[in-house]
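Novice: Let me begin by handing over the structure; questions about it come next.
The values are calculated or read from the model by the stated rules, or taken from the named source; none is laboratory data. Please read these numbers as outputs of a predicted model, since none were measured by experiment. Here the Cβ is made from the backbone with ideal geometry for all residues, glycine too, and neighbour counts use every protein chain on show.
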Amino acid sequence: MELKEIKCESCGHVNPPGTQLCQSCGNMINSDYDKNKIKDLMRYDGSAVRSKTRSKSIFDKIWIFFTSVKIGVSIILAIAVAAAIGTIFPQEYFIPLGVDPAEYYQENYGTLGYLYYSLGFHNLYSSWWFLVLNGLLALSIIAASIDRGIPLFKSLNKQRVKKHDSFFRRQRLFLNTERPADTSSLIDAFSKKRYKVRKEGDNYLLEKGRLSRYGPYINHTGLIILLFGSMLRFFPGMYVDEIVHINEGETEELPTTEGQYFVRNEAFTLDTYDEEAGEVFDQALSNNRMVISNFQTDITFYKNNSADIVGSSPDLEEIDEYSIRVNHPYRFGDYELYQSSYDNSQLKSMTFRLEDENGNTVGDNFTVNLNDPEESFEVADGVSVNMRAYSPDFLEIDDNGTLVSATPVPRNPAFVFEVADGEESELSLLQIMNSTDITQDNDYSIRFVEAEEHMASVLTLKKDLTIPFIATGFIIFLIGLFTGSYINHRRIWIRTDGNLLLAAHTNKNYFGMKREINEVLESNGLEAVNDKLDDGDKDKNKE
Amino acid sequence: MKGRTRNILRVSIIVTIGLLIGITVWFNLTSGTKAVEVGDKAVDFRLTTLEGEEIQLSELTEEKGVILNFWGTWCKPCREEMPDMNDVYTEGHDDYEIVAVNVAENEQQIRQFISGLDADLEFPIALDRSKSVTDAYNIGPLPTTIAVNKEGIVVKKQEYQLTHDDITAFISESTE
């Protein structure tokens, strides 16, 4: 490859190193290129692809490395393969909450799972190497676009009207015919087809749809904005996706708001379709027992006026009330609060009744609130039940007689109840599944009646300030795609100093262009253009 | 485009993208609430104790070193270290204070636990019912013990059961 500037043998124009077609007259500079390569030559209008010319500093070397289409495709391939591998085992946000991911992947998927975890595939989209790959893709897109786009822009922008004879002959669509008396009507006819006409002596350049050539670069700009937007997601404060779990009747602080906002779950509603209601869901209803028609959380939204010290009780001011339903989030500031799911797995309270030795119920039932149990219950006149001990998740009885809990979560509640009827007191240990007398020969027994669960609404708190970037990126990307795909860059060169020489080039759809030209030529009484592909090997005709 | 402009363009694009990748990876690796470590400033908090008094960390550290012990009645090592801490504490605590921060349990559970002990606990038990302090310190396993000196700096942290020696080590670190 030539590294010196090139002087055109035909017109004397000095071209940058690496140029294939003279920028001035279109004469072929490197005659090694045979005719099969005409298409390649014309892709960047014969101008030098920059990176193929010189390499000096380390930055130049990096730059040239990333301008390579092969490298770009390899990066895209690597991203695609990584994304595919990321679907083999579940991502971390799909594994059960509170489980140690290191153990989870090892236990469930063996050595492969361990590898998966250690290489960061469990959190693919935020693993450092995936971020780096995307960054390199951005560099590759920018470098390759600048490297090709700028020379293309220059050569299209300063193209000359007058072209060398050989340039005419090399174009796929070519006509050499006797000059008609009136060439201006021919030019006018093209002009009516919305060709822009440039004239230089007896030479004409007719051009339209040049924007098509910039389609890929518009497209790439969109991609870069898109990548930039997805990068911003990692910046603090730009993106929030948090789960908020609120029991009915309770108030919770909204995460990431610095203790500024609180939400109270007034009521959670779950409506189902009535089986008798209509025909629309009949089939679904007969397959499943229950089809849900509405999830709804009625909330009160509070602002905290004393967001000072951690742990201090907030000073809540009621701001708003709202009913959050699926697809009807509550919006405040940049945040949205969505209905996500519900949870009724946590025990809230247990109700018991007292039986005497004959099996008759004594007095009223009593209910123990598991979150904050009372110590004593007056069930009838003179008869009281005292809760002497409570263990939310019963494990064992300690040496000193206290109940030991395995966790603070009420999964397997156990109680020691004392029944006092004024004369004597009896003790018994009650678990969900069995009860044991502690004192001998108890008269009373306590029976489990029912349990109530917490109805917790699970909401998702979302904030995404990157949406404008991502939306803009996509729109520009699509505009670029449209420009590159549906607009054709068509150029016709005409020379009228001897015979009528006509050559035409388009970046796509030669068939359409040929028809357009022939229509004009025919109406001016001229013969149709020659298509080299038609004249040559018809078996290989691809258009 | 002249060679110089081209070089400036190339270098600035490569450097910008390199920096952006670096920043993003850094944000990514440091995201999530970071656990309080030795050398960090201790997050100030105000909690109500089992006795109904309000205590604030920054007020305590004005005069004394403070040992924060995050615990729960259901956690075996917590139960076991409590009497030891109490023994050391009752020998004198003029220059330090122990605050046992109970993580989100109700008073019944705490009182039940204390009533099962041989001696009453002398140090204050702070109730972190909403787990806001536990979250602010990003406490992992229980028990976790943190020593804060008079400057309000975390000087020692341990995420397992304290021995008698550990307790005296925490006291001396917090009062230095």
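Novice: Determine whether the stretch A:89-98 contains at least one residue that is assigned to a loop (DSSP other than H, G, I, E, B) and over 25 Å from the mean Cα position of the chain (by Cα).
Specialist: Among the residues of the stretch A:89-98, at least one is assigned to a loop (DSSP other than H, G, I, E, B) and over 25 Å from the mean Cα position of the chain (by Cα), which makes the answer yes.
Novice: Please determine, by comparing only the residues of the stretch B:144-156 that are in a loop (DSSP other than H, G, I, E, B) and either surrounded by fewer than 19 Cβ atoms within 10 Å (Cβ to Cβ) or not polar (S, T, N, Q) (or both), which one is nearest to the chain's Cα centre (by Cα). Outline the logic, then answer.
Specialist: Initial filter on the stretch B:144-156 (in a loop (DSSP other than H, G, I, E, B)): B:149-152.
If we keep only those that are either surrounded by fewer than 19 Cβ atoms within 10 Å (Cβ to Cβ) or not polar (S, T, N, Q) (or both) too, we end up with B:150-152.
On the way: B:LYS150: 15, B:GLU151: 15, B:GLY152: 12 Å.
Only one residue fits best here, namely B:GLY152.
Novice: While we're looking at this one, here's another question. Residues that are within 14 Å of chain B (Cβ to nearest Cβ) and surrounded by 18 or more Cβ atoms within 10 Å (Cβ to Cβ): list the strands (runs of 3 or more DSSP E) wholly contained in the stretch A:153-259 that include at least 1 such residues.
Specialist: Strands (runs of 3 or more DSSP E) meeting the threshold: A:239-247, A:251-253.
Novice: Here's something else I'd like to know. Yes or no: the stretch B:142-161 includes at least one residue that is among the aliphatic types (A, V, I, L, M) and within 11 Å of chain A (Cβ to nearest Cβ).
Specialist: Yes; the residues of the stretch B:142-161 include at least one that is among the aliphatic types (A, V, I, L, M) and within 11 Å of chain A (Cβ to nearest Cβ).
Listed here are the residues, each with its yes/no results for (1) at pLDDT 90 or above; (2) not acidic (Asp, Glu).
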| residue | (1), (2) |
| --- | --- |
| B:LEU20 | yes, yes |
| B:THR24 | yes, yes |
| B:LYS34 | no, yes |
| B:THR49 | yes, yes |
| B:GLU63 | no, no |
| B:CYS75 | no, yes |
| B:MET82 | yes, yes |
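Novice: List every residue pair whose Cβ atoms lie under 6 Å apart, where the two residues are 6 or more positions apart in sequence or sit on different chains, the first residue falls within the stretch A:515-526 and is over 14 Å from A:ASP188 (Cα atoms), and the second residue, located anywhere, is surrounded by fewer than 17 Cβ atoms within 10 Å (Cβ to Cβ) and not hydroxyl-bearing (Ser, Thr, Tyr).
Specialist: A:ASN518/A:ALA528
Novice: I'd like to check something: does the stretch B:31-41 contain any residue that is surrounded by fewer than 18 Cβ atoms within 10 Å (Cβ to Cβ) and within 8 Å of another protein chain (Cβ to nearest Cβ)?
Specialist: Yes, some residue in the stretch B:31-41 is surrounded by fewer than 18 Cβ atoms within 10 Å (Cβ to Cβ) and within 8 Å of another protein chain (Cβ to nearest Cβ).
Novice: So the check is Cβ under 8 Å with 6+ separation or different chains; which pairs have a first residue in the stretch B:156-171 that's assigned by TED's automatic domain parsing to the domain that holds B:GLU81 and a second one that's in a helix (DSSP H, G or I) and among the aromatic types (Phe, Trp, Tyr)?
Specialist: From residues that are assigned by TED's automatic domain parsing to the domain that holds B:GLU81, the pairs are B:LYS156/B:PHE170; B:GLN158/B:PHE170; B:LEU162/B:PHE170.
Novice: Now, a different point. Return the total of residues in the stretch A:398-444 being touching a strand residue (DSSP E or B) at 6+ places or on another chain (Cβ under 6 Å), free of Cβ contacts under 8 Å to residues at least 12 places away in the same chain and within 14 Å of chain B (Cβ to nearest Cβ).
Specialist: Of the residues in that region, 1 qualify.
Novice: So which of B:GLU97, B:GLU63, B:GLU91 is touching a Gly at 6+ places or on another chain (Cβ under 8 Å) and either in contact (Cβ under 8 Å) with a residue 40 or more places away in the chain or assigned by TED's automatic domain parsing to the domain that holds B:ILE146 (or both)?
Specialist: Going through B:GLU97, B:GLU63, B:GLU91 in turn, just one is touching a Gly at 6+ places or on another chain (Cβ under 8 Å) and either in contact (Cβ under 8 Å) with a residue 40 or more places away in the chain or assigned by TED's automatic domain parsing to the domain that holds B:ILE146 (or both): B:GLU97.
Novice: Whether any residue in the stretch B:67-78 is within 7 Å of another protein chain (Cβ to nearest Cβ) and either part of a helix (DSSP H, G or I) or loosely packed, with under 13 Cβ neighbours inside 10 Å (or both) is what I want to check.
Specialist: Within the stretch B:67-78 (the criterion being within 7 Å of another protein chain (Cβ to nearest Cβ) and either part of a helix (DSSP H, G or I) or loosely packed, with under 13 Cβ neighbours inside 10 Å (or both)), the answer is no, since none of the residues qualifies.
Novice: Mind listing whichever residues of the stretch A:395-419 are assigned to a strand (DSSP E or B) and more than 19 Å from A:THR367 (Cβ to Cβ)?
Specialist: Once the filter is applied, which keeps residues that are assigned to a strand (DSSP E or B) and more than 19 Å from A:THR367 (Cβ to Cβ), the stretch A:395-419 yields A:LEU395, A:GLU396, A:ILE397, A:LEU403, A:VAL404, A:SER405.
Novice: For the stretch B:26-59, which positions are part of a helix (DSSP H, G or I) and farther than 13 Å from B:ILE146 by Cβ?
Specialist: Once the filter is applied, which keeps residues that are part of a helix (DSSP H, G or I) and farther than 13 Å from B:ILE146 by Cβ, the stretch B:26-59 yields B:TRP26, B:PHE27, B:ASN28, B:LEU29, B:THR30, B:SER58, B:GLU59.
Novice: For the list (1) more than 30 Å from A:LEU226 (Cβ to Cβ); (2) at pLDDT 85 or above, I need the number of the one condition that A:ASP398 fails.
Specialist: (2)
Novice: Another one. Of everything in the stretch B:118-136, what is at the interface with chain A (Cβ under 9 Å from one of its Cβ atoms) and assigned to a loop (DSSP other than H, G, I, E, B)? Give them in sequence order.
Specialist: Passing the criteria: B:ASP118, B:SER130.
Novice: Looking at B:GLU91, B:GLU59, B:GLU97, B:GLU53 in this structure, which one is away from every other protein chain (no Cβ under 14 Å), over 23 Å from A:LEU395 (Cβ atoms) and out of contact with any strand residue (DSSP E or B) (no Cβ under 7 Å at 6 or more places or on another chain)?
Specialist: Numbers: B:GLU59 fails: away from every other protein chain (no Cβ under 14 Å); B:GLU97 fails: out of contact with any strand residue (DSSP E or B) (no Cβ under 7 Å at 6 or more places or on another chain); B:GLU53 fails: away from every other protein chain (no Cβ under 14 Å).
When all the criteria are applied, what remains is B:GLU91.
Novice: Next up: I'd like the full set of residues that are of a type outside the set (D, E, K, R) and outside any helix (DSSP H, G or I), limited to the stretch B:87-111.
Specialist: Hits for the stretch B:87-111 are B:GLY92, B:HIS93, B:TYR96, B:ILE98, B:VAL99, B:ALA100, B:VAL101, B:ASN102, B:VAL103, B:ALA104, B:ASN106.
Novice: Has the stretch A:80-96 got at least one residue that is loosely packed, with under 15 Cβ neighbours inside 10 Å, among the aromatic types (Phe, Trp, Tyr) and modelled with pLDDT of 90 or more?
Specialist: No - not one qualifying residue is present in the stretch A:80-96.
Novice: While we're on this one: For the stretch B:1-22, enumerate the residues that are among the aliphatic types (A, V, I, L, M) and more than 8 Å from chain A (Cβ to nearest Cβ).
Specialist: B:ILE8, B:VAL15, B:LEU19 - these are the residues of the stretch B:1-22 that are among the aliphatic types (A, V, I, L, M) and more than 8 Å from chain A (Cβ to nearest Cβ).
Novice: Select from the stretch B:127-143 the residues that are touching a strand residue (DSSP E or B) at 6+ places or on another chain (Cβ under 8 Å) and free of Cβ contacts under 8 Å to residues at least 40 places away in the same chain and write down the one among them that is surrounded by the fewest Cβ atoms within 10 Å (Cβ to Cβ).
Specialist: Applying the filter and picking the extreme gives B:LYS131.
Novice: Look at the stretch A:103-150 and say how many of its residues are more than 9 Å from chain B (Cβ to nearest Cβ) and either among the β-branched types (Val, Ile, Thr) or within 17 Å of A:VAL73 (Cβ to Cβ) (or both).
Specialist: Count: 9.
Novice: Any residue at all in the stretch B:111-124 that is in contact with a Pro (Cβ under 7 Å, 6 or more places away or on another chain) and under 14 Å from A:VAL404 (Cβ atoms)?
Specialist: yes
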